[in-house]
1. Mind listing whichever residues of region A:5-59 are within 18 Å of A:Val235 (Cβ to Cβ), touching a helix residue (DSSP H, G or I) at 6+ places or on another chain (Cβ under 8 Å) and among the charged types (D, E, K, R)?
2. When region B:142-175 is examined, which residues are found to be touching a helix residue (DSSP H, G or I) at 6+ places or on another chain (Cβ under 7 Å) and within 14 Å of another protein chain (Cβ to nearest Cβ)?
3. Just one of the numbered conditions (1) away from chain B (no Cβ under 14 Å); (2) surrounded by 22 or more Cβ atoms within 10 Å (Cβ to Cβ) is not true of A:Asp232; which one?
4. Quick one: how many residues across region A:116-131 are surrounded by fewer than 16 Cβ atoms within 10 Å (Cβ to Cβ) and part of a loop (DSSP other than H, G, I, E, B)?
5. For A:Leu36, indicate whether it is assigned to a helix (DSSP H, G or I), out of contact with any Gly (no Cβ under 9 Å at 6 or more places or on another chain), surrounded by 12 or more Cβ atoms within 10 Å (Cβ to Cβ) and modelled with pLDDT under 90.
6. If you go through region B:268-285 one residue at a time, do you hit one that is assigned to a loop (DSSP other than H, G, I, E, B) and small (Gly, Ala, Ser)?
7. Residues that are among the basic types (Lys, Arg), under 19 Å from the mean Cα position of the chain (by Cα) and within 14 Å of chain A (Cβ to nearest Cβ): list the strands (runs of 3 or more DSSP E) wholly contained in region B:1-76 that include at least 1 such residues.
Amino acid sequence: MKFQKRHIALLVYILFLLLPIYWLFNMSIKTNTEILGSMTLFPDNPTLANYATILTDPAWYSGYINSMIYVSINVVISLTVALPAAYAFSRFNFTGDKHLFFWLLTNRMAPPAVFLLPFFQLYSSVGLFDTHIAVALAHCLFNVPLAVWILEGFMSGIPKEIDETAYIDGYSFPRFFATIFIPLIRSGIGVTAFFCFMFSWVELLLARTLTSVDAKPIVATMTRTVSASGLDWGVLAAAGVLTIVPGALVIWFVRNYIAKGFAMGRV
Amino acid sequence: MTLTLENITKTVGGVTHIDDVSMTLEPGSFNVLLGRTLAGKTTLMRIMAGLEPPSSGHILVNGSNVTGQRVQQRKVAMVYQQFINYPSMTVYDNIASPLKLQGTAKAEIDKRVRSTAELMHIEHLLDRLPQELSGGQQQRTAMARAMVKDCTLLLLDEPLVNLDYKLREELREEIPNLLAERDTIVVYATTEPMEALLLGGKCAVMHEGRVTQFGPTTRVFHNPATVETGLIFSDPPINLIGARVSNGALELASDHKVALSGHFADLQEGNYTIGVRANHLSVVNPGPGAIAMQGHVELAEITGSETFVHVHFSDVSWVIQEEGVHNPTLGETSTFYLDPSRLFVFDARNRLVAAPPVEIANGKAA
């Protein structure tokens, strides 16, 4: 009896969670007439036309490509910068290390909108406006501190004696870092990459402001479509579904690492 | 290779960890660093290895100064108290890694890894990952990795502490044999006097960052230069009581008198501290010549084959180690016996002035 009750509660919970996502998917395979005409739980005439529109129209699919480019650049930069920084924070004592560590985190305390104007002005004046690297760099302001913070937690879990044993064995620092240390914090790197990806992928404000045509991200395309070509509900829903897909894929790959990261108390 | 430490001092944030240590380690010697926790054993080993620079002083190898040299360039190996292996590599790759880095030929690596693994009895585990091994096997892997390369200095920092009793005994017996035919200087840190004696070689007793005595282990044991050394190199710690020489007799603070004969013959008049090891006290009369003393029984620990009786008298607490099971009544006054021929005598500055001759110290009964 008790088992059944728990079952019901869970089912209801999952139902509520999935309802909006289902509704989005439902809309994406309906025609606009059906979406606006009546409320149907299942589409009367399922169609893939909306998806076809997105995948064939450069105005749509270039948004995905742009997003993926700057998100990848951002993840790579964040990790490359954060790995050595986190190593320094976890292994060395230097003057002001605690303050610096805290100061890094304070960067995340301000809302992104605060940095909107300075970024826009700066990038315009140095000719970075509407480039992928501009958005990637802007997102680094938020992702690097987070990456340093998460990675530091994972690195501090590795005993310092491993480093020393490696040096005694004759490893140079770069070689030790690449062949011994990185494999030990694989899960940490996975979790960090995931969080950087997630922030950069969903961030709208900076990405939209710093781009116009050449590097326009999908989230911006979606919001602009609303005003530009009236309300093409079906296409918009299809775009939404396609935007969820990369995130879902990444979560699927790092789900075990994230559990580990939570267990280590740093995520 | 001869390793010489010259006036090594290490201070961290105003706290002195190592205080003016000078010693010379001979090629092929086995050296035990004996001291309580926080005595500075690990720090001294890290300085020897080159993992930490000394605040002042020099480290010489065969007379040439290597103080600032990086650890990669020194031929050292180290085994830690924790089982440190590379978790992502198999046991084979773990052991092979120092050789690979030296650029040794593949066939040679294979040969040496296998022979070292055989020596450490882990030859059947070479394909496993470290976390699939038991604690003892992990430590054997760590030791194999340290021993596989031709190092001139092998540092073992309490390598057996985290192992269970049985494994510890097993490895402890093997270690001196494993290292016997090598030209390597071995430094072995431990907190246990018994371990130091079993391992033999030379012994440096450390206390609060200083080396209080350095010499052949048994000689240090039989002639602890200071009271501190005696306390450290004795388990349970050596029992102490104040004493005075006057009118041709040694008078203990407990009013017991000992004739000035044997190793006491040359004592001058003055104040002394008397030390006696717990196993040289007895709750049964060992024979004529023993002094009967009275003490208040505070605690009796029975390990099965031995009994440790804690007694209190004349403001001192002593521990008596006696073979067999004894059941003194707690809180009551009990008689125990002191053999005067086995007393250590320290002067007013806590330095040894008379030690029982080795034959007597080694003998069981008076």
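1. A:Lys30
2. Of everything in region B:142-175, those that are touching a helix residue (DSSP H, G or I) at 6+ places or on another chain (Cβ under 7 Å) and within 14 Å of another protein chain (Cβ to nearest Cβ) turn out to be B:Ala144, B:Arg145, B:Met147, B:Val148, B:Lys149, B:Leu153, B:Leu154, B:Leu155, B:Asp157, B:Pro159, B:Asn162.
3. So A:Asp232 meets the others, but not (2).
4. Number of matching residues: 1.
5. no
6. Initially, region B:268-285 is screened for residues assigned to a loop (DSSP other than H, G, I, E, B), giving B:268-269, B:277, B:283-285.
So of that shortlist, the ones also small (Gly, Ala, Ser) come out as none.
No, because not a single residue in region B:268-285 is assigned to a loop (DSSP other than H, G, I, E, B) and small (Gly, Ala, Ser).
7. The strands (runs of 3 or more DSSP E) meeting that bar number zero.
Every residue, every condition in (1) in a loop (DSSP other than H, G, I, E, B); (2) touching a Leu at 6+ places or on another chain (Cβ under 9 Å); (3) within 14 Å of chain B (Cβ to nearest Cβ); (4) within 25 Å of B:Met78 (Cβ to Cβ), yes or no:
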{"residue": "A:Thr95", "(1), (2), (3), (4)": "yes, no, yes, no"}
{"residue": "A:Arg108", "(1), (2), (3), (4)": "yes, yes, no, no"}
{"residue": "A:Val114", "(1), (2), (3), (4)": "no, no, no, no"}
{"residue": "A:Ala136", "(1), (2), (3), (4)": "no, no, no, no"}
{"residue": "A:Leu146", "(1), (2), (3), (4)": "no, yes, no, no"}
{"residue": "A:Leu151", "(1), (2), (3), (4)": "no, yes, no, no"}
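The values are calculated or read from the model by the stated rules, or taken from the named source; none is laboratory data. Model, not experiment: these values are computed from the prediction. For neighbour counting, all protein chains shown are included, and Cβ atoms are generated from backbone atoms with ideal geometry for every residue, glycine included.
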